[in-house]
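Data first, discussion second: the structure below is written as structure tokens.
The values are calculated or read from the model by the stated rules, or taken from the named source; none is laboratory data. Nothing here was measured: the structure is a model prediction, and the numbers come from that model. Cβ: placed from backbone, ideal geometry, glycine included. Neighbour counts: every protein chain shown.
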Amino acid sequence: MKILRVKTAVWAILCLIASSGNLFAQSKVINLWEDKVPGAIPNDHFKPTVDSANNWIKMRVVVNPTLDVYPAPADKATGTAVVICPGGGYSALAIAHEGEEIAKWLNGLGITAFVLKYRLPDNFIMENKAIGPLQDGQQAIRIVRRHAKDWDINPDKIGIMGFSAGGHLASTVSTHFNEKVYDSPDSTSARPDFSLLIYPVISMEAGITHSGSRENLLGRKPSPRQVRNFSNELQVNAETPPAFLVHSMDDYSVPIQNSIGYVLSLQKFKIPCELHLYASGGHGYGLGRSANSESTWPEACRKWLAERGFLKRF
């Protein structure tokens with residue numbers, strides 16, 4: 001009888017662990033565009049591909065962009081939502097450590113997360129590759145806001161988060177949310193209420209930008225007008241949302257000047273912002289891979305969100 005009770009207890013614990021894991025699972029995949037993807041060029045030679053190396057899951061081709069929905073657990077839900085833009089130099093998407101893992105972390109804070117699998121700029125499948133990712137980013141925010149009630153989300157607590165080149169997309173949506181890059185069926189705002197930018201590409205200026213991201217987005221010889229338009233530190237205005245930024249001094253892929261320039265522009269307009277500069281970490285560490293200080297950024301981010309009221313139930 002005693003053995004039976006122990007077995008029953010162990011089975012109950014295992015079931016509880018299994019069910020707890022399901023609380024932080026993707027529940028639905030939403031197509032961003034119901035009909036034709038704006039500016040899309042049909043090309044049967046382009047097929048979605050996924051590859052894995054060193055646990056870095058990458059999507060190489062995105063033809064039909066989607067949102068992966070990770071609802072916050074009901075007992076923790078704050079009403080806040082975040083659209084996540086994984087990085088990858090505008091040539092791939094780091095879906096695992098800059099997408100899925102981030103969504104589950106946000107769920108633990110009571111935030112409903114949406115992993116955006118945005119189109120990667122390419123002249124063979126887009127009429128204007130420079131605005132393809134921005135179209136997807138604007139549409140993602142609008143979808144979450146339109147359906148906020150369905151997901152128990154406060155429409156005034158919808159943020160955007162980006163890593164590396166995904167940080168460029170997140171900051172582009174944060175500064176170009178009023179730019180008409182496609183025909184929206186209604187007046188739903190594409191403005192994020194806040195942005196979380198982790199080792200982000202912000203500028204397209206030579207010597208500051210990540211050259212691969214710039215070439216993939218704007219081509220080999222972009223015009224000065226294109227460079228300025230997509231250098232988001234130059235596009236900040238009084239309506240740009242508050243921002244939390246993270247960067248490492250030894251990031252030799254994306255220089256720290258990207259984050260510093262953006263923060264200085266936000267400061268000029270008295271927009272609340274916070275920048276955490278770390279001595280080490282390099283680039284692409286997601287939630288953190290070491291015992292060093294750069295791996296403490298998630299806790300700093302949590303405190304910033306709490307301070308601004310995004311972790312309180314609406």
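Looking at the range 8-25, is at least one residue under 15 Å from residue 116 (Cα atoms), modelled with pLDDT of 55 or more and not aromatic (Phe, Trp, Tyr)?
The answer is no; no qualifying residue exists.
Quick check on the range 245-260. Is at least one of its residues closer than 22 Å to residue 159 by Cα and either charged (D, E, K, R) or loosely packed, with under 15 Cβ neighbours inside 10 Å (or both)?
no
Scan the helices (runs of 4 or more DSSP H) fully inside the range 201-314 and keep the ones with 1 or more residues being under 22 Å from residue 94 (Cα atoms) and touching a residue at least 40 places away in the same chain (Cβ under 8 Å).
Per the criteria, 211-218, 257-268, 297-307.
Quick one: is residue 302 surrounded by 14 or more Cβ atoms within 10 Å (Cβ to Cβ), at pLDDT 95 or above and of a type in the set (Lys, Arg)?
yes
In the range 261-281, how many residues are surrounded by fewer than 17 Cβ atoms within 10 Å (Cβ to Cβ) and on the phi > 0 side of the Ramachandran plot?
Total satisfying the criteria: 1.
How do the strands (runs of 3 or more DSSP E) wholly within the range 58-158 filter down when requiring 2 or more residues that are touching a Pro at 6+ places or on another chain (Cβ under 9 Å) and buried (at least 19 other Cβ atoms within 10 Å of the Cβ): which remain?
The strands (runs of 3 or more DSSP E) meeting that bar are 81-85, 112-117.
Only one residue in 136, 193, 186 is under 13 Å from the mean Cα position of the chain (by Cα) and among the charged types (D, E, K, R). Which one?
Being under 13 Å from the mean Cα position of the chain (by Cα) and among the charged types (D, E, K, R) holds for just one of 136, 193, 186, which is 136.
Report yes if residue 200 is crowded, with 19+ Cβ neighbours inside 10 Å, under 26 Å from residue 114 (Cβ atoms) and touching a His at 6+ places or on another chain (Cβ under 9 Å), otherwise no.
Yes; evaluated as a whole, the condition is true for this residue.
Quick check on the range 176-194. Is at least one of its residues of a type outside the set (D, E, K, R), closer than 30 Å to residue 296 by Cβ, in contact (Cβ under 8 Å) with a residue 40 or more places away in the chain and assigned to a strand (DSSP E or B)?
Yes.
Residues that are loosely packed, with under 14 Cβ neighbours inside 10 Å, touching a strand residue (DSSP E or B) at 6+ places or on another chain (Cβ under 9 Å) and of a type outside the set (Gly, Ala, Ser): does the range 224-243 have at least one?
No: zero hits.
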